[in-house]
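Only one structure is covered here, and it is reproduced in the block below.
The values are calculated or read from the model by the stated rules, or taken from the named source; none is laboratory data. Please read these numbers as outputs of a predicted model, since none were measured by experiment. Cβ coordinates were reconstructed from backbone atoms using ideal geometry, including for glycine residues, and neighbour counts include every protein chain displayed.
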Amino acid sequence: MRVLGIDPGSAITGYGVVDGNAGSFQHIASGTIKAGKLAPGPDRLKKIHDELLVVIDNYNPAAISLERNFVGENVQSAFRLGEARAIVMLAAADRGLAFFEYPPNQVKLAVAAFGHADKAQVKYMVRRALGLDESLALTDDAADALALAMCHLGATRMSAIARLAPKPRRKIAGWGTRR
């Protein structure tokens, strides 16, 4: 399965394309879409949308994995992040792609085995899991996007295992009995 991970941002949006399944990942592509801090909001959003569609068309992913909103203290930053996330959702809908969201702690746990890992730890584990050497320039935004793709591949495997597992046969006291 090929997954496109997206780390949304109104100035810089990271993307990462990963093939595989849990435990067996292959790096296909990664990078950033730089919309510019000084450009007006609508122009930045259009640039993110247009360039994201090019990435989707070039790499043909089966799904998009997006970081779920993190609500901080700065309301304006939260609004800008929400706009960038909406553009990613629109691009997924434009191309008919499956769309999944994961909270930051779940992504960090899946990649670095620690839900509060810092950016350096996430980047290190992404490099290790994908076999990327130091010669490949990898921004924090691209590393986070790759981690999102890997998280989805791992979650997909876990849900497939759960579907195959036999259903437990338990009776709950008091249920299904007449009194």
For residues that are of a type in the set (A, V, I, L, M) and surrounded by fewer than 20 Cβ atoms within 10 Å (Cβ to Cβ), scanning just the range 87-128, find the one that is farthest from residue 43 (Cα to Cα).
113
If residue 89 meets every condition in (1) modelled with pLDDT of 90 or more; (2) in contact with a helix residue (DSSP H, G or I) (Cβ under 8 Å, 6 or more places away or on another chain) apart from one, which number is that one?
(2)
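Among 9, 14, which is in a loop (DSSP other than H, G, I, E, B), in contact with an Asp or Glu (Cβ under 8 Å, 6 or more places away or on another chain) and either at pLDDT 95 or above or not hydrophobic (A, V, I, L, M, F, W, C) (or both)?
Values: 14 fails: in a loop (DSSP other than H, G, I, E, B).
Sole residue among the options that is in a loop (DSSP other than H, G, I, E, B), in contact with an Asp or Glu (Cβ under 8 Å, 6 or more places away or on another chain) and either at pLDDT 95 or above or not hydrophobic (A, V, I, L, M, F, W, C) (or both): 9.
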Read through the list (1) in a helix (DSSP H, G or I); (2) closer than 30 Å to residue 2 by Cβ, then give the number of the only condition that residue 77 fails.
(2)
Do you know which of the residues in the range 26-84 that are of a type in the set (Ser, Thr, Tyr) and under 16 Å from residue 15 (Cα atoms) is surrounded by the fewest Cβ atoms within 10 Å (Cβ to Cβ)?
59
I want to confirm something. Restricting to the range 92-116 and keeping residues that are in contact with a helix residue (DSSP H, G or I) (Cβ under 6 Å, 6 or more places away or on another chain) and assigned to a strand (DSSP E or B), which single residue is farthest from residue 60 (Cα to Cα)?
102
Of the conditions (1) crowded, with 20+ Cβ neighbours inside 10 Å; (2) assigned to a helix (DSSP H, G or I), residue 155 fails just one. Which one is it?
(1)
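For residue 101, are the conditions met, namely being farther than 16 Å from residue 145 by Cα and in contact with a Leu (Cβ under 8 Å, 6 or more places away or on another chain)?
Details: farther than 16 Å from residue 145 by Cα: no; in contact with a Leu (Cβ under 8 Å, 6 or more places away or on another chain): yes.
Taking the combined requirement at face value, the residue does not satisfy it.
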Go through the range 117-136 and report how many residues are hydrophobic (A, V, I, L, M, F, W, C) and in a helix (DSSP H, G or I).
6
